[in-house]
Structures are given as C-alpha cells and as structure tokens.
Amino acid sequence: VEAERESEGRQAAESARDAYARQLQDVREAAIKAKPTALAEAEKKGQAAKLLLGKREWRRATEAWRDGSAILAKAYAEATEEKRQQTYAEALAQGRKLFQAGNYAGAESAFARALAEPGRGGDALAMQLYEKARTTRVARESGKAWRAADGNLVFNSDFEKGKDKAPAGWTKPDNLTVYWEKSGVKGMCIRMDTDVYRSEWEEHRKHPDTPMVKTPTTGTRYNTVGGTAGVAVYSRPIPVEPDGYYLVDFDVRGKGEPFMFIKGFWKCGPQDLHKMGKKMFFKPFKPGPSYSLMAMGTSGEEKRDAHPGDYIQCYRRRLVARISDREEWRHFRTVLHFEAARHIEVVLLELYAFWPPGDFYFDNVRMKLVTKAEADAHEAWRKKLGAEANFGTSVR
C-alpha cells in the first residue's frame, strides 16, 4: 500500500511539473509583455517544487507546480486579452461559415481553436457550436462507414481477403505469435500462438521482417508471451453512431479465456491538450492516426503528450470466451450501448489471447447496429441463460 501511495504521489507531481513546463513555454513563445513580477513569482514556485521533489515531498511539490501554473496562466491571459478576443471571434466566424458550407470537420476544428484560447475553455457558445459540428461529423462518418449487405461493420470479418501473409483490414501478423492461415471455421482465420518466450518475441519486434523460429518452451512458462503481455490483433477503425446499440460477436477456438476488447475513442482537439498529460499511443495502421492505450500492451507504444488528431480512449469492454475444449469452435456475442455522453466516435476491435500458453483461433468477427428493442431482447436472452451464456454456443 505504501509503495502504491509513493507511486501515485510521484506521478501526480510529475504531471503537475509537465503542465507547469508547458504553461511556461507558452508564455515564452508568445513573446508577450507579461508582468516581470508574475514571471519571477512563478519561477520561484517552480524552483521550490524542484527542491520538494528531490526531498520526495510529492504533495507539496504538486501544489507548488500547480500554484506556478496558475500564476503563469493568469499572466498570459492578462497580457494577451485583446489578441485572444480577436482570434476567438475569427475562429467562431470561420466555423459558422464552414458549417453552413457542409464542412463539418473544418467547422469542428475552427470551434476547437476558439475553445483553445486561454480563458475560453468553458465558453458556452463555442462549446455549443463545437458539439453541434462534432456530432454532425460523427453521424455523417458513421453513415458513410463501410458495411456489408447484412449490416456488418467489420471489414473482412471472415479473414478471407488479404495478400502477402496479411489479412486486409487487420493489423499485420508477425508470423511468430500471430498467423493468417487456413484453419478457420470454413477458411482463413487468425491464429495466435502465446507459447513463445517473451525474450524471443521482443527480439523479433526489433526486426519484424526477419523470420524467426521459436524455441520450444519448458518449465512453468510464465516467461512466455502468454504468461506476460499476451498477443493482440486490431481491426481497422469503425465509426459509430452517438447513443447507438451494437451487437458484437465472434467465433473462437482454444482452451482458456481469450477475449475481444471493444475499445471506444474520441478525437482530440487543440482545446484538449493542456488537460491530457502524457499517455501511451500506438498506430495500428500506418499511415494513420495514433490511438491511446490504458496500459502498456503489445503494439509498439510510445508515451508522449497528446497531439490534435490523436484518438483518446474513453471506453472499453471485454467479451470473454470461456472455453474448456481446445478443439471446439464456440460462438460468443454481446450487445453494447455507446452512450452519447461518452463521445465515442470510432471503435477498435482487439482480439486478444494469453494464458495458458498455446494456440488460439479467431474467425467471423462481426459488429452490427441494432435497435434498442433488439438490445433488450439480447439482454433477456442472457439473463435466461445465466452463467451458461459465458461459455457461448457451439458453431455448427
């Protein structure tokens, strides 16, 4: 418990330090005539915080950096009031013009710039216009999203399309822990091998195009990928409707508890940067935007400040497959509600396997918009089955 408190205190202090540094940089880069006394007072707070950090007095260091940030923010606002008012008005005018022209993404960006002006983060008018542009854009993108004739939103959900040992619409297999092969329900599928030493997997990540043959494992196998990081494969991003209900299902084979993570994201704008702090990001598809992760994973992460255009994770749910017979294909499904208040814009489906070390197979991954009545019917079905629903149904 004491170690956890120590870690939490240090993280809070470091986050406050980073926010202070960004605020100080903003003041210096703006080349404004801030009051010398205010700058001196803020820098004094920063120096005091450094000394407190060295003494491991996390709470007092955090307070000192936050006090310094507040002084800098006030000095910046006072010195740039006229310029900020002009920039704010211009951004609103541009946003309205773009919205009327049907350029909702451009309007959203313009309103975001207005909100990013110091002192305008809670501006009611700009927030109203921004949210209207954002929700309109999200709804349009969801309506234009790829979908099969039956409404399935997962591109290449049966893994039949692809080339160069990689299925289209999914992250590329490494051919050490992830394979695209003909072992599916009726054809191609994803196979994950978690019985690989983690050290070999980490070495292979450094040179992914160089083939590697795994060493047969022995002992407890806690040092395998299955005993540590696990193995993950991601779908391409799927735009979703605000407040929509979605049926998600997949077929899986392999003894243990593999699962599908359903991860929801919203798009970061310039007005969001100062409240973000450092996060872990990865690019599931290159070129393409970065997506934040809640924890270290298996996808080549980098820890950094958020950038405009990054996607920030705001939702995650697991669909766990509890399987006792490693040779039987089982079908699992659930219904999710993406509440409007969460601001979920796109979803990534993450197929994941870990313990016990061995082979896991995934096929027929689907996601479909359903009505509330259909969602309620699914929940009634789950309640009727009880715990039995956690073990899925046999694939015929």
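Under 7 Å between Cβ atoms, at least 6 apart or on separate chains: pull out the pairs that start in the range 109-126 with a residue that is in a loop (DSSP other than H, G, I, E, B) and end on any residue that is at pLDDT 85 or above and aromatic (F, W, Y). Between residues of the range 109-126 that are in a loop (DSSP other than H, G, I, E, B) and residues that are at pLDDT 85 or above and aromatic (F, W, Y), the close pairs are E117/Y88; R120/Y88. Within the range 258-289, the only residue that satisfies the criterion of being assigned to a loop (DSSP other than H, G, I, E, B) and modelled with pLDDT of 95 or more is P258. For W201, the conditions (1) crowded, with 21+ Cβ neighbours inside 10 Å; (2) of a type outside the set (A, V, I, L, M); (3) under 20 Å from M260 (Cα atoms) are fulfilled apart from (3).
If only residues of the range 17-31 that are over 23 Å from the mean Cα position of the chain (by Cα) and in contact (Cβ under 8 Å) with a residue 24 or more places away in the chain are counted, the one that is farthest from D67 (Cα to Cα) is A30. What about A38, is it outside the structural domain of G119 (by TED's automatic domain parsing), closer than 21 Å to L273 by Cα, part of a helix (DSSP H, G or I) and in contact (Cβ under 8 Å) with a residue 12 or more places away in the chain? Answer is no for this residue. Residues of the range 36-51 that are under 19 Å from A12 (Cβ atoms) and crowded, with 19+ Cβ neighbours inside 10 Å: K45, G46, A49.
The values are calculated or read from the model by the stated rules, or taken from the named source; none is laboratory data. Quick caveat: nothing in here was measured; it's all calculated off a predicted structure. We place every Cβ from the backbone using ideal geometry, glycine too, and count neighbours over all the protein chains shown.
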